[in-house]
1. Looking only at residues in segment 106-131 that are buried (at least 24 other Cβ atoms within 10 Å of the Cβ) and closer than 30 Å to Ser309 by Cβ, which one is farthest from ligand 2 (Cβ to nearest atom)?
2. From the set of residues in segment 275-318 that are in contact (Cβ under 8 Å) with a residue 60 or more places away in the chain and more than 16 Å from ligand 2 (Cβ to nearest atom), which is surrounded by the most Cβ atoms within 10 Å (Cβ to Cβ)?
3. Keeping to segment 81-98, report how many residues are hydroxyl-bearing (Ser, Thr, Tyr) and part of a loop (DSSP other than H, G, I, E, B).
4. List every residue pair whose Cβ atoms lie under 8 Å apart, where the two residues are 6 or more positions apart in sequence or sit on different chains, the first residue falls within segment 1-24 and is under 20 Å from Gln112 (Cα atoms), and the second residue, located anywhere, is in a loop (DSSP other than H, G, I, E, B) and acidic (Asp, Glu).
5. If the requirement is being within 16 Å of ligand 1 (Cβ to nearest atom), modelled with pLDDT of 95 or more and under 19 Å from the mean Cα position of the chain (by Cα), which of these qualifies: Asp230, Asp225?
6. Take Asp91 and tell me if it is within 16 Å of ligand 1 (Cβ to nearest atom), more than 16 Å from the chain's Cα centre (by Cα) and among the acidic types (Asp, Glu).
7. Among the listed residues Ala139, Ala163, identify the single one that is within 14 Å of the chain's Cα centre (by Cα) and part of a helix (DSSP H, G or I).
8. What are the residues in segment 61-72 that are crowded, with 20+ Cβ neighbours inside 10 Å and either under 14 Å from Thr321 (Cβ atoms) or among the β-branched types (Val, Ile, Thr) (or both), if any?
Amino acid sequence: MDLKNRDFLKEIDFTSEEFLYLIDLAIDLKAQKNQRREIQHMVGRNIALIFEKTSTRTRCAFEVAAFDQGAHTTYLDGLSSQVGHKESIADTARVLARYYDAIQYRGKTQAQIEELAEYSGVPVYNGLTDEWHPTQMLADFMTMVEHSGKRPNDISFTYVGDARSNMGNSLLVTSALLGSDIRIASPKALWPAAEVQELAQSLLAKSGGSILLTEDMDEALPGSDFIHTDVWVSMGESEEVWKERVELLGSYQVNDVALAKTGNPNSKFMHCLPGFHNEQTTVGRAIANKTGMHDGLEVTHDVFESEASVVFDQAENRLHTIKAIMVATIGD
Ligand code: CP
Ligand code: NVA
């Protein structure tokens, strides 16, 4: 499979075969690292990491993956560089392409990363935009494969919560691409945009997947191998929307009752993280005090810490999957 010099701006940049190849490559790279027999394919490569929003997992995964493979990284943000406020995306792209073999970009709109890719001419990886979170999808589907022992086209799962943000969009479209059975349980006001739904529907004929959008958790959850959720207010949204969002989503919390509704004793909980499950963060505490939700927001502390929770395996897999996309596109 030759994926050299390809961008990864959104999930459908790859065919289902290519996407599955990247998951299998990540599984192999994980085994190589764990058995201390990793072969370096990126010696001497340089990768620019542009973050216009904050990050823990994505930044660290890119840096460690690059170092493991013999490459170097440079971290750039809006405060310590000219990106965004003083130099346009088009100019930044043409400068960085003279130094770097690939560019990771986390920012606001998809249009910005499309422009970066158009002007740079080197592979560009989307580390999250408002619309899509494609590197997260590689990790999420890898984690589901590992924990279920099934291929993606045999997996059923439910996404609960804010479904018109990057995670809801990406899980819907990736499932449709790979042929999974996805159910989305969310208030209609927070369903993916019509064009995202249409894109997902258009992929089903080839993949054989299925989609259920419902406001009813009781309809969505039975038979789910996994329950996914995400924060109720995403980066870049105003703090002001918390109150309205909690009113809309309060009854869509992932708790023991929701987990039991799967009827599947092996059902697992997933979350891209960071997540609000206790009051040990300033934001978590402030929202809990403001809304009176003292037992977690999108997920209870009990479920987050339970045997069913695979969130830290999922977080680890960001490393192996991000390594896979870099090795495949710029490696030897
Ligand atoms: N899941 C994820 O993208 O985490 P970060 O925001 O920490 O990168
Ligand atoms: N929807 C979240 C995902 C964080 C990884 C956000 O955009 O903030």
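1. Tyr125
2. Val310
3. In the first step, residues of segment 81-98 are kept if they are hydroxyl-bearing (Ser, Thr, Tyr); the result is 81, 88, 92.
Still in the running and part of a loop (DSSP other than H, G, I, E, B): 81, 88.
Total satisfying the criteria: 2.
4. Taking only residues 6 or more apart or on different chains, the pairs are Lys10/Glu131; Asp13/Asp7.
5. Details: Asp225 fails: within 16 Å of ligand 1 (Cβ to nearest atom).
Answer to the selection: Asp230.
6. On the way: within 16 Å of ligand 1 (Cβ to nearest atom): no; more than 16 Å from the chain's Cα centre (by Cα): yes; among the acidic types (Asp, Glu): yes.
So Asp91 fails the test.
7. Values: Ala163 fails: part of a helix (DSSP H, G or I).
Sole residue among the options that is within 14 Å of the chain's Cα centre (by Cα) and part of a helix (DSSP H, G or I): Ala139.
8. Those that are crowded, with 20+ Cβ neighbours inside 10 Å and either under 14 Å from Thr321 (Cβ atoms) or among the β-branched types (Val, Ile, Thr) (or both): Ala61, Phe62, Ala65, Ala66, Gln69.
The values are calculated or read from the model by the stated rules, or taken from the named source; none is laboratory data. This structure is a prediction, so every number in the text was calculated from the model and none was measured. Using ideal geometry, Cβ is built from the backbone for each residue, glycine included, and neighbour counts are taken over all protein chains shown.
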